[in-house]
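Asker: So that we are looking at the same thing, I have put the structure below in structure tokens.
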Amino acid sequence: MNQKILYVRLPCNPIFPIGVVYLSDHIHKLFPEIEQKIFDLGTVPPLDFNQALEDCIDQFQPSLLIFSWRDIQIYAPVGGRGGNPLQNAFEFYYAQNPLTRLKGAVGGFKVATAYYGELWRNEGLIKRGLKRARKYDPQARAVVGGGAVSVFYEQLKTQLPQGTIVSVGEGEKLLEKLLQGQDFSDERCYVVGETQPRERMIHEWPTPIEKTACDYDYIQTIWPEFDYYLQENDFYIGVQTKRGCPHNCCYCVYTVVEGKQVRINPADEVVKEMRQLYDRGIRNFWFTDAQFIPAKRYIPDAIELLQKILDSGMKDTHWAAYIRADNLTPELCDLMVKTGMNYFEIGITSGSQELVRKMRMGYNLRTVLQNCRDLKNAGFDDLVSVNYSFNVIDETYETIRQTIAYHRELERIFGVDKVEPAIFFIGLQPHTHLEEYAFENNILKPGYNPMSLMPWTAKKLLWNPEPLGSFFGEVCLQAWNTNPNDFGREVLKILEDKLGCAPLEEALTAPIGKKTISNKKQLVTIK
Ligand code: B12
Ligand code: SF4
């Protein structure tokens, strides 16, 4: 096998490129004779992208280019990419004052330009890279994958060079088959200009692989810029402990990207991997699982892992993850604190049990509160980010009051300054139940472009439907105006001033069969 593989992580905020690290590690374990190199455009200044890529290709002369594309979607209440996209969109859609609307339009235009600029730039880098590699090897081929491609694989088929292999989800098996010259058409992929993505391809289950500790001694030899991530001590380096999530939350695509079947990486291997990073000075780890404890039955696995981390003797470690806080036990809480969990995100989305049920999230909010108390009693005294997405489905003034009651209770447990309300609005994603709901209710038409940032489409994709859409729009604008640096807390304060706070018990009970809009507009069931 005479291949030379270049892994190009396309430009991205400096988040550790764990995807290409794992892929190259996997390939090396199977085919140690293959020469590989990692090139991370996340560490290159934007003006140098083209030149740096070409220089790297001239020097390495790869026969296979693996492009990893992490993120495309930008709706979040944070700055970046030419401004705060959520704020600009809300100013444009909801502001009463024409000057604010104009400001929103200008801001929105800037964000849209940056967004389309990035899309075209990344597509350009793929084309340019492939063309350059073909100077040295006319048979050179490109494969494109990663988080962004997994979500938008159908839209990318017209934008990439003919013959490019577009991959959904994890890429280990596909690359393995490609390198062995085997038929790979049964993997979740298609070839631009030759095959079409199968209907509902993303719902096919990924082929499981046995994950072993990543060999960082090897990675260091193929990745000259690895040290970049070791220098700053506030980086959280990714370590994956499992794949898959069995839940069904209506807006979430992770459960199809990674599949519903949870596959646990052996605890000893995870610890071995962390140890290698630890020995290189890393103290902060992000467990990059879709959910660190996806369901009750995985609690023993989490306990085993954390116990082994503790027994390993690694001191001063910190870790963070997405945590379903309904799956904690006092023993697990104790281990979480002892192993240094210092940040976690709970995505309850709403503090109203009724809405949590309608969004098919499978959370029991009462259990979440009890488990948070256990965590606090175990000594947890760090930051919790609670993700709320208002107005997903059937939101009313009553359910907003319930969310406020729930949040105030979390504040009583952890302390006001320790609970950070992260206010999101759902960016509608393809292949989710919410997308089907939007079709059934004529909010979107099949064939819409989920990557479009044109104002008329973006307004539907940035999920904030009427009758409450304008209300939330005004509340958010007021919050940005009065307290932009503490946006989440300010939104909750304004909502409480306007609507009051429900008794906690009301938030925790979900009356079954109560007449609501969703009795007419039931969320569609899985087909
Ligand atoms: C953990 C995580 C985070 C953590 C990261 C922590 C850390 N230090 O690493 C945090 C919370 C910080 C985060 C933040 C954000 N995230 Co995030 N995150 C994830 C999550 C859950 C896992 C990513 C991960 O590391 N997986 C483990 C590694 C091993 O997998 P991987 O990198 O995907 O690589 C595998 C495959 O993709 C594939 N692959 C990768 N490249 C290639 C290339 C080829 C050729 C092939 C064949 C295969 C292949 O094989 C790899 C190995 O199996 C994913 C959702 C998901 N379940 O995948 C979202 C996800 C990547 N995030 C996403 C986004 C948008 C963001 C944000 C931009 C959100 C925001 N608007 O603020 C931010 C900011 C990120 C930034 N760049 O600044 C999106 C990206 C797609 C999109 N919608 O555009 C995802 C897919 C979620 C989603 N469905 O929307 N995130
Ligand atoms: S629990 Fe989290 S990862 Fe799993 S489906 Fe729900 S939102 Fe997605």
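Asker: Work out, in µm²/s and without decimals, the Stokes-Einstein translational diffusion coefficient of the chain at 20 °C, 1.002 mPa s, Rh from Kirkwood over C-alpha pairs. Let's see the in-between values first.
Answerer: Values: Rh = 24.5 Å.
D = 88 µm²/s.
Asker: Nearest-5 percent of antiparallel DSSP beta bridges in the chain?
Answerer: Expressed as a percentage, antiparallel bridges in the chain total about 15.
Asker: Report, by chain and number, residues whose modeled amide H sits under 5 Å from the one on Gly146, excluding near sequence neighbours (fewer than 5 apart, same chain).
Answerer: Trp69, Gly169
Asker: Roughly what angle does helix 49-60 make with the longest principal axis of the chain, taking Cα atoms, 0 to 90 degrees, to the nearest 10?
Answerer: Helix 49-60 and the main axis of the chain meet at about 40 degrees.
Asker: Past 23 Å, Cα to Cα, is the threshold; run Lys4/Lys131; Lys103/Lys493; Lys103/Lys460; Lys29/Lys315 against it and keep the listed order. Working shown, then result.
Answerer: Numbers: Lys4/Lys131 16 Å; Lys103/Lys493 25 Å; Lys103/Lys460 21 Å; Lys29/Lys315 30 Å.
Check vs 23 Å cut-off fails for Lys103/Lys493; Lys29/Lys315.
Asker: Hey, what angle do you get for helix 299-311 against the long axis of the chain, alpha-carbon based, 0 to 90 degrees rounded to 10?
Answerer: So the inclination is approximately 60 degrees.
Asker: Moving on. Among 163-176, 433-446, 273-286, 248-261, how do they line up by average Cβ neighbours within 10 Å per residue, starting with the highest?
Answerer: Result, highest mean Cβ count within 10 Å first: 163-176, 248-261, 273-286, 433-446.
Asker: Please list, in order along region 107-119, the HN-Hα scalar couplings obtained from phi with the Karplus expression 6.51 cos²θ - 1.76 cosθ + 1.60 (θ = phi - 60°), rounded to whole Hz, x for Gly and Pro.
Answerer: Per-residue couplings from phi come out as x, x, 5, 5, 5, 4, 5, 5, 5, 5, x, 5, 4 Hz.
Asker: Starting from one equal scatterer on each C-alpha and no solvent at all, send me the Debye-based log10 I(q)/I(0) for region 236-285 at q = 0.21, 0.26, 0.29 Å⁻¹, two decimals.
Answerer: -0.76, -0.90, -0.99
Asker: Residue by residue through region 181-186, which ³J(HN,Hα) values in whole Hz follow from phi under the Karplus form 6.51 cos²θ - 1.76 cosθ + 1.60 (θ = phi - 60°), with glycine and proline marked x?
Answerer: Here the 3J(HN,Hα) series is x, 8, 5, 10, 5, 7 Hz.
Asker: Which FRET efficiency, nearest 0.05, do Asp279 and Asn441 yield, Cβ-Cβ r, R0 45 Å?
Answerer: 0.25
Asker: Follow-up question, since we're still on this one. What is the extension gain from Leu230 to Thr207, computed as 0.36 nm multiplied by their sequence separation minus the C-alpha to C-alpha distance, in nm to one decimal?
Answerer: Fully extending the segment from Leu230 to Thr207 adds 5.0 nm.
Asker: Using the Karplus curve 6.51 cos²θ - 1.76 cosθ + 1.60 with θ = phi - 60°, work out ³J(HN,Hα) for each residue of region 235-245 in order, rounded to whole Hz, and write x for Gly and Pro.
Answerer: So the Karplus estimates, Gly and Pro as x, are 6, 9, 8, x, 9, 9, 10, 6, 10, x, 9 Hz.
Asker: How far, in nm, would the chain grow between Gln370 and Leu383 when pulled straight, counting 0.36 nm per residue and subtracting the alpha carbon separation?
Answerer: That works out to 2.9 nm of additional length.
Asker: Put a dot 7 Å past each Cα toward the Cβ at Asp497 and Glu33; how far apart are the dots in nm?
Answerer: Going from the Glu33 label point to the Asp497 one covers 7.2 nm.
Asker: Give, rounded to the nearest 20 debye, the magnitude of the charge dipole that the chain has about its Cα centre when Lys and Arg contribute +1 at Cβ and Asp and Glu contribute -1 at Cβ. Could the numbers behind the result be given before it?
Answerer: Values: 59 positive and 66 negative charges, 284 e Å.
The calculation lands at about 1360 debye.
Asker: Mind listing the long-range amide H neighbours of Ile348? Cut-off is under 5 Å, sequence gap 5 or more, other chains count too, H placed in the peptide plane at 1.01 Å from N.
Answerer: Asn387
Asker: Taking 2.2 N^0.38 Å as the expected size of a compact globular protein, what ratio does the Cα radius of gyration of region 1-120 give against it, to two decimals? If you can, show how the numbers build up before the last one.
Answerer: Working: Rg = 19.4 Å, N = 120, 2.2 N^0.38 = 13.6 Å.
Normalised Cα radius of gyration, region 1-120: 1.43.
Asker: Calculate the FRET efficiency for Asn483 and Glu398 from the Cβ-Cβ distance with a Förster distance of 25 Å, rounded to the nearest 0.05.
Answerer: Calculated value: 0.45.
Asker: Here's something else I'd like to know. Compute the angle between helix 365-377 and the longest alpha-carbon principal axis of the chain, please, reported from 0 to 90 degrees and rounded to the nearest 10.
Answerer: It is inclined by approximately 80 degrees.
Bear in mind these aren't lab numbers, they're just calculated from the coordinates by the rules spelled out. This is a predicted model, so every value here is computed, not measured. Using ideal geometry, Cβ is built from the backbone for each residue, glycine included, and neighbour counts are taken over all protein chains shown.
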